[in-house]
Amino acid sequence: MISHSARVALLGSLAIFLWTGTASAQDRRQNEPGKFDFYVLSLSWSPSFCDAASTHAQEQPECGPRAYSFVVHGLWPQYERGFPKSCQVPPPRLPREIASSMLDLMPAPRLVYHEWDEHGTCSGLSAAAYFKTVRDARSLVNIPPQYSDLDSALSVNPNDVRNEFIKVNPKLASGAISIDCDKQRLREVRICFDKDLGFRDCPEVVRQTCRRDEIIMPPVRSGRP
């Protein structure tokens, strides 16, 4: 007859085995290209990125002489809870001409390659189709005019930023937009789209919105190296 201690050890080992097998199966399911629920378009406030960046990051094209306001961080496939990531390892090669064509929206080659490897591969689309979708999604979002050429630091409430975006995008509802911040600055505006690029609610994304009463939008750089 098996002892009590041996039985406990055996059950523990079986539980670990079953949990590991379930987790592995779930990971494989979650990282299946094209199997997701919606997109998040992430628009980064470039001056915040550059203000918070290290000296090395300051050398990136985004933080160079040209002035940038909101730039595309990425278009991310999402689940209702959680998200897939790096769905093809190694990722299909991203042609240089496609990467170069995106620099007006995503002004750092390294960012373009990273977004393809980590998020684009989960879309189930070819590189050309994915980055066309990125461009199409960005074209559907109007930026509030007061943020397009901000020449001095602006103190804002995250809810006010959200409402300004809703004001200039009539089909956008509060359930489809989230504001991301660090301890001091507005970092990103995140807008949710369905697979046909219609605005759609995304409760989990919205729950992560910035809760601070006041954050700073650093000014758009004016030829500053």
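Where a number appears in this text, it was derived from the coordinates with a stated rule and is not lab data. If you're wondering where the values come from, they're calculated on a predicted model, not measured in any experiment. When we count neighbours, we look across all protein chains shown, and the Cβ atoms used for this are built from the backbone with ideal geometry, even at glycine.
A few points about this structure:
- Distance between the 7 Å Cα→Cβ label points at A67 and N163: 2.7 nm.
- Between A128 and D151, the FRET efficiency estimated from the beta carbon spacing at R0 = 41 angstrom works out to 0.65.
- Listed peptides 45-51, 190-196 by packing density, highest first (mean Cβ within 10 Å): 45-51, 190-196
- Alpha carbon centroid spacing (whole Å) that separates region 182-225 from region 55-113: 16 Å
- Sites I143 and E80 - FRET efficiency at Förster radius 30 Å, r taken between beta-carbons, to 0.05: 0.60
- Contact order for region 70-170, expressed relative to its length and based on alpha carbon pairs under 8 Å spaced 6+ residues apart, stands at 30 percent.
- Label-point separation, R135 to D196 (7 Å along Cα→Cβ), nm: 2.3 nm
- Distance between the 7 Å Cα→Cβ label points at R110 and D182: 1.5 nm.
- A Cβ-based charge dipole, computed about the Cα centre of region 34-217 with Lys and Arg at +1 and Asp and Glu at -1, lands at about 360 debye.
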